[in-house]
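Following: one structure in structure tokens, then a few remarks.
The values are calculated or read from the model by the stated rules, or taken from the named source; none is laboratory data. Please read these numbers as outputs of a predicted model, since none were measured by experiment. Cβ atoms come from the backbone with ideal geometry, glycine included; neighbour counts cover every protein chain shown.
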Amino acid sequence: MGAMIEARGLSKSYGELLAVDGLDLSVEAGEILGFLGPNGAGKTTTVKMLTGMIQPASGQARICGIDVSKDPVAAKHCLGYVPESGALYESLSAAEFLRMIGSLYGMRRGDADRRADRFLELFGIVDARDRLISGFSKGMKQKVLISAALLSNPQVLFLDEPLNGLDPNAALVVKTLLRELADQGRAILFCSHILDVIERVCTRVVIIHEGRQVAGGAPEQIAAEHGVETLEDAFVQLTGVRDTEAVARELLVALQ
């Protein structure tokens, strides 16, 4: 099977700012690709082009072999997406929101409700299914977003900081689930600023900086190619930016 997520020469500008510059990218079935870069590197813009949320200035995006620009609806039916800052209809309950998502994917209401309840149960919030999302904590909202992304059983997943706000147990559930989904042949693009999570979860990593790919391969391969011991060291060398968790740990040591 060919690439399930594919970008060829993707470019996008905002005024004089070239956010993404001729980017090539692919994710095969069974892969979890860690998509790394500092703030402003072009990660979110790339994901928005791949998911059909914005049009590229040039280049091509394909999902499951479908040209996103030519048939965006068909492409979107193949994917699930957890955005970094999720837009939820907070005037709806969790059950109503997930039912709406199911209808957008053409799911029968009963099937959508059963699957939604199963996800909410696994995340420990099924008792809150009929409460308005406006009253949910950040972690609860994130669990609803992840449930929405998985609801249609998509072949492709885009996850932008999916563990934000999750408690350790829920984060472990998500990481285990992603590995199992990849084993079943899904293609997953995983964006995060937390490098040790990327190293533990992802089978391959792509690092972009100023809209261009600057490294790609297994984490240990990238480190070796740049003469360092860790992915973090390679990331710093390539982008000049350090893992925020590593900086926080050093600050804590300095306080002792």
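Values as computed for the structure displayed
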{"item": "Which numbered condition Asn39 fails, given (1) in a loop (DSSP other than H, G, I, E, B); (2) on the phi > 0 side of the Ramachandran plot", "result": "(2)"}
{"item": "The stretch 92-107 - residue that is among the small types (Gly, Ala, Ser) and not in a helix (DSSP H, G or I) and, of those, farthest from Gly80 (Cα to Cα)", "result": "Ser93"}
{"item": "Failed criterion for Ile198 (all others in (1) touching a residue at least 60 places away in the same chain (Cβ under 8 Å); (2) loosely packed, with under 15 Cβ neighbours inside 10 Å; (3) β-branched (Val, Ile, Thr) hold)", "result": "(2)"}
{"item": "Candidate set from the stretch 4-36 (those that are outside any strand (DSSP E or B) and in contact (Cβ under 8 Å) with a residue 24 or more places away in the chain); member that is farthest from Leu177 (Cα to Cα)", "result": "Ala29"}
{"item": "Conditions (1) outside any loop (DSSP other than H, G, I, E, B); (2) free of Cβ contacts under 8 Å to residues at least 24 places away in the same chain; (3) over 15 Å from Tyr14 (Cβ atoms): number failed by Lys48", "result": "(3)"}
{"item": "Single unsatisfied condition, Asn164 versus (1) modelled with pLDDT under 90; (2) surrounded by 21 or more Cβ atoms within 10 Å (Cβ to Cβ)", "result": "(2)"}
{"item": "Selection count, the stretch 43-55, where residues are crowded, with 23+ Cβ neighbours inside 10 Å and not β-branched (Val, Ile, Thr)", "result": "3"}
{"item": "Counted residues, the stretch 211-228 - those being in a helix (DSSP H, G or I), under 22 Å from the mean Cα position of the chain (by Cα) and crowded, with 16+ Cβ neighbours inside 10 Å", "result": "2"}
{"item": "Qualifying position, being within 22 Å of Pro83 (Cβ to Cβ), not hydroxyl-bearing (Ser, Thr, Tyr) and not assigned by TED's automatic domain parsing to the domain that holds Ala61, among Ala234, Ala148, Ala224", "result": "Ala148"}
{"item": "Complete set of residues in the stretch 124-179 that are touching a Ser or Thr at 6+ places or on another chain (Cβ under 8 Å), of a type outside the set (Gly, Ala, Ser) and farther than 19 Å from Leu33 by Cβ", "result": "Arg129, Asp130, Arg131, Leu132, Ile133"}
{"item": "Residue in the stretch 82-104 that is modelled with the lowest pLDDT, counting only those that are touching a strand residue (DSSP E or B) at 6+ places or on another chain (Cβ under 7 Å) and under 19 Å from Gly52 (Cα atoms)", "result": "Glu84"}
{"item": "Any chance Lys12 is outside the structural domain of Lys141 (by TED's automatic domain parsing) and surrounded by 16 or more Cβ atoms within 10 Å (Cβ to Cβ)", "result": "yes"}
